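Below: the structure, in structure tokens.
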Amino acid sequence: MLNVTNIESYYGAAKILYGVSLHAAAGEVVALLGRNGAGKSTLMKSIIGLVVPKAGSVSLRDQDITGLPPFAIARQGIGYVPEERRVFTSLTILENLEAGRQDRPASGLAPWTPERLFALFPNLAGMRTRRGGQISGGEQQMLTIARTLMGNPSVILLDEPSEGLAPKIVEQVADAIRELKAAGLTVLLSEQNMHFAALISDRAYVIEKGQIRYSGSMEDLKANEDVRKAYLAV
Ligand SMILES: Nc1ncnc2c1ncn2[C@@H]1O[C@H](COP(=O)(O)OP(=O)(O)OP(=O)(O)O)[C@@H](O)[C@H]1O
Ligand SMILES: [Mg+2]
């Protein structure tokens, strides 16, 4: 579904990604793990087109999308939930969802509606007319994911979805991601700490200083203390 091959990304003259490759098959949940500043967000931005890689390629269903503007990449079927969430604070929850509505080329997946999203995130169902600025951080995280799903992506990129959330909310977000997988979506999520990722991911990549240092099944990574100690906060 998603293929990243040998990308090199920069901010100005500063080289951040050094030949990064990863892939995600249809319906897979893949974790990108790494410490602060390892390059997780830069990799996600390089996939969605906010950063244009200077070398290497990104493809979706074998179609090259490298260098396309973000809106065009989104239209091809990649949804992006940034680290900063960015809900529309003055719009209601329902209006936030409508703002994300987009018809996509047939993905073969069932289309999302506000009602289907309220079933996925029951917390939001009772607050449809509340403004985005008047809900908790956890609810904002759910709302951003829901708003992105309104665009009916085939692949969703979640940048540190559990960051700063209360344990109970983290569990709800994990449940929702499991349901996305069951619904056939492909999920790439970044995380600093592997506990949350381990709950939901099939495979993992570990990134450090802009290079992939490890890749394997989540089971293998859990058993690999050396890699965890060297590159992760656990
Ligand atoms: N806009 C920018 N301009 C210049 N350098 C940047 C910019 N954004 C990030 N960097 C640098 O790029 C490197 C990778 O940052 P990135 O945000 O991708 O890391 P991250 O793995 O997402 O970290 P975190 O877990 O803190 O979100 C860091 O050294 C960071 O300081
Ligand atoms: Mg980041």
Give me the accessible area of residue 163, 1.4 Å probe, in Å² rounded to the nearest 10. 80 Å²
If the only charges are +1 at each Lys and Arg Cβ and -1 at each Asp and Glu Cβ, what is the size of the charge dipole of the chain around the Cα centre, to the nearest 20 debye? 380 debye
Using only helices, what value at 222 nm comes out for the chain when you add -39,500 (n - 2.57) per DSSP H run of length 4 or more and divide by the total residues, to the nearest 500 deg cm²/dmol? -9500 deg cm²/dmol
Starting from the Cα of residue 136, step 7 Å along the direction of its Cβ; do the same at residue 15; then give the gap between the two resulting points in nm. 4.5 nm
Taking the Cα centre of segment 114-229 as origin and charging only Cβ (+1 Lys, Arg; -1 Asp, Glu), how large is the dipole, in debye to the nearest 20? 360 debye
So if R0 is 30 Å, what FRET efficiency would residue 36 and residue 219 give, r being the distance between their Cβ atoms, rounded to the nearest 0.05? 0.70
GNM on the chain, C-alpha springs below 10 Å: top fluctuator among 197, 166, 176? 166
At 0.36 nm per residue, minus the direct Cα-Cα distance, what do residue 99 and residue 182 gain on full extension? Give it in nm, one decimal, please. 27.4 nm
How high is the FRET efficiency from residue 91 to residue 113, r the C-beta distance, R0 22 Å, rounded to 0.05? 0.80
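So what is the relative contact order for the chain, in percent, with contacts set as C-alpha pairs under 8 Å and at least six apart? The partial results should precede the final answer.
Values: 472 pairs, mean separation 66.1, N = 234.
After rounding, I find 28 percent.
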Projected onto the charge dipole of the chain (unit charges on the beta-carbon of Lys, Arg, Asp and Glu, signs +1, +1, -1, -1), the Cα from 155, 67, 108 with the largest positive-side position is that of 67
Using 0.36 nm per residue, how much length does the chain from residue 230 to residue 57 gain when fully extended, once their Cα-Cα distance is taken away? 59.4 nm
Let me confirm the definition first: pairs of Lys residues in the chain, 8 or more apart or on different chains, C-alpha distance under 14 Å. How many are there? 5
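Where does each of 21, 41 land when they are ordered by accessible area, with a 1.4 Å probe and the largest first?
Numbers: 21 50, 41 25 Å².
Result of the area sort, largest leading: 21, 41.
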Go through 129, 5 and list them by solvent-accessible area, largest first, probe radius 1.4 Å. 129, 5
List the trypsin sites (Lys or Arg not before Pro) within segment 108-207 that fall in a DSSP loop (any state other than H, G, I, E or B) and whose Cβ has at most 16 other Cβ atoms within 10 Å. 128, 130
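The values are calculated or read from the model by the stated rules, or taken from the named source; none is laboratory data. Since the structure is predicted, the reported quantities are computational estimates derived from the model, not experimental observations. Cβ coordinates were reconstructed from backbone atoms using ideal geometry, including for glycine residues, and neighbour counts include every protein chain displayed. Surface areas here come from the heavy atoms of the whole protein model, side chains and all, with no ligands, DNA or RNA. Shrake-Rupley method; radii C 1.70, N 1.55, O 1.52, S 1.80 Å.
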